[in-house]
Amino acid sequence: MRLQGAQGIQPVTIGNDVLIGSRITILPGVKIGNGVIIGARAVVTRDIPDYAISAEVLARVTRYRK
């Protein structure tokens, strides 16, 4: 384990006016933009752009807010 190399702590960045549902898992280093809506029980594995709606289990962008 020691020889595999430890990765430093990667912060999660959450923008303004974000609605996050219940039982969400956000992985380290992910950036969530402003005005994002994330549905319940999603796993956020990659960055989500501003004003996106993500309602699937793997937190893919479903559509954008107007």
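We did not get these values from a lab; they are worked out from the coordinates using the rules stated. Keep in mind it's a predicted model, so treat the numbers as computed, not measured. Note: ideal-geometry Cβ built from the backbone for every residue, glycine included; neighbour counts use all protein chains shown.
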Amide hydrogen neighbours beyond the local backbone of Val44, cut-off 5 Å, H modeled: Thr25, Ile26, Leu27
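Where nothing but the Cβ of Lys and Arg (+1) and of Asp and Glu (-1) is charged, how large is the charge dipole of the chain around its Cα centre, in debye to the nearest 20?
Using only the charged Cβ atoms, the result is roughly 140 debye.
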Of all DSSP beta bridges in the chain, antiparallel share, percent nearest 5: 20
Sequence-distant residues sharing a close amide H with Tyr51 (under 5 Å, placed H): Asn34, Gly35, Val36
Around Lys66: net Lys/Arg minus Asp/Glu count, Cβ-Cβ under 15 Å: 0
Amide H partners (placed H, <5 Å) of Ile14, local residues excluded: Ile32
Local net charge near Lys31, Cβ-Cβ under 11 Å (Lys/Arg +1, Asp/Glu -1): -1
Zone residues, segment 30-45, relative to Ile14, backbone N less than 11 Å from point 7 Å out along Cα-to-Cβ: 32, 38
